[in-house]
Amino acid sequence: MLYVTETTQMQTTPPGGGAMPRSPEYRVAVDSLRGLRQDLFHDAFAYRPLPARRTDGRFARRLPGRLREYAAWTPHALIVVAALISVAFSTVDTGGPAALTGLFCAVPVLLTMVRPVGAFWASMVSTPIVAVLGSRWGEWPWAPGGFVCHLTVLTVVALRTRPRTAGWMWVLTALYAIVADSGIGPTNTYGTNSAAMLIISALILLCVTVRHIRRDAVQEVTAQQTVTAHERSRRTLLEERTTIARELHDVVAHHMSVVAIQAEAAPYRVDNPPPELEKAFATIRENAVAALTELRRVLGVVRAEDYEAPDAPQPTLADLEGLLANVREAGLSVDKVVTGAVRELPQGVELSAYRIVQEALSNTLRHAPGATARVEIGYVLGGLGLRIVNGPPPNPSLIKTSPGAGHGITGMRERVSMLNGEMTAGASDDGGYEVAVFLPVSLPDEGAA
């Protein structure tokens, strides 16, 4: 028997000598009571003033300046009107002092503007007082003024707090109705209005809760859209940099290969070259080959798996006429104007200028079909100037929205930034669009220096 008793005690004692684990129901009840204490008891009378309404909404923006300032205080005005309505109801068919019952009905409603949770408790306290003072020939447990007051307080407090608080307020209202209808209170009443209070308040709080949920969902979607737009912009930037790196890889690799070949062939062009010259050319060739190998190793990682090196060399401004011919065939009327002395520029500058003109004209075809465009190229002393401008579309209704990823302007800015240039892009005065770029090019003597 002793052995059996000890075994039973050992089985009922948890490991480590601690307390028995609580059941899920117990934990739910504890969490609920903790939520009730946090929502309705902790800092119940904390000062939380009702903020002014924003004046940048759809309706407020249409109001004149003076009325727009007043529109910011619309919520406060509505609460004051609700308080006056509750006072008016408290003075109808009441057997008590109208001024006192009106005061008890108005104070909780006005208190929602500064202490929302405290206003609920004030309404719970004023409800039986107003009912007793005005219970000569009325309903129980809410007098007409108290009925309007409590519904208004529940609505405003639910709007200013979270849905869980609204649920706790309805539960306490239901408990008060059950207690009040259990035989407590005057007998000379027309009947109970607890069912009406609970049904109407439940519908109102349900609508407010749905509004809260919708607002939170909209905010979450907006936040996700912001993050998505940021990630899309970042991805677009990386894609454009990858494209630029691929093109520059082909340009630089070509020049390095030419350097290596010329360094290898140079000694054979001179009869009996001195050993020092042969050694110098050999060193140049070795450095060029090493640089070319490192360039291919570093920049080769930006190539896509299906990327194939172009058979033709990268385009330059000399190939611009072919681009303009293709654009004209697509239906865009475009003119080209060249100013200054045409000269050969570094291949990186030529390639970037060609790509900028190409992207600007593509944007014109996409966003302004049927418009006329103009490409201006200016060879100046310190670099190259580009200006691509198009007029407004003749029929804006034919324009189809193209969400795209925003590669155009991003790619142009990346190319200009790579060359330490300047760029402006924006709508023109006539409703068209203008892209202006300046790409600096150092003079020969500056490069030698």
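The values are calculated or read from the model by the stated rules, or taken from the named source; none is laboratory data. From a predicted model like this one, the values you see are computed outputs, not experimental measurements. The accessibility values were calculated without ligands, DNA or RNA, using every heavy atom of the protein model including side chains. Shrake-Rupley method; radii C 1.70, N 1.55, O 1.52, S 1.80 Å.
Quick rundown of the values:
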| read-out | value |
| --- | --- |
| Ranked order, CYS149, CYS207 - accessible area, probe 1.4 Å, largest first | CYS207, CYS149 |
| Rounded accessible area of ASP39 (nearest 10 Å², 1.4 Å probe) | 10 Å² |
| Fully extended contour minus Cα-Cα distance, from LEU198 to SER233, at 0.36 nm per residue | 7.4 nm |
| Percent carbon-and-sulfur accessible area, region 110-228, ignoring ligands, DNA and RNA, probe 1.4 Å | 71 percent |
| Residue-span extension gain [THR209 to THR293] - 0.36 nm each, minus C-alpha spacing | 23.7 nm |
| In Å², nearest 10: area of ILE184 left accessible to a 1.4 Å probe | 100 Å² |
| Heavy-atom SASA rank of THR127, THR372 (probe 1.4 Å, accessible area, largest first) | THR372, THR127 |
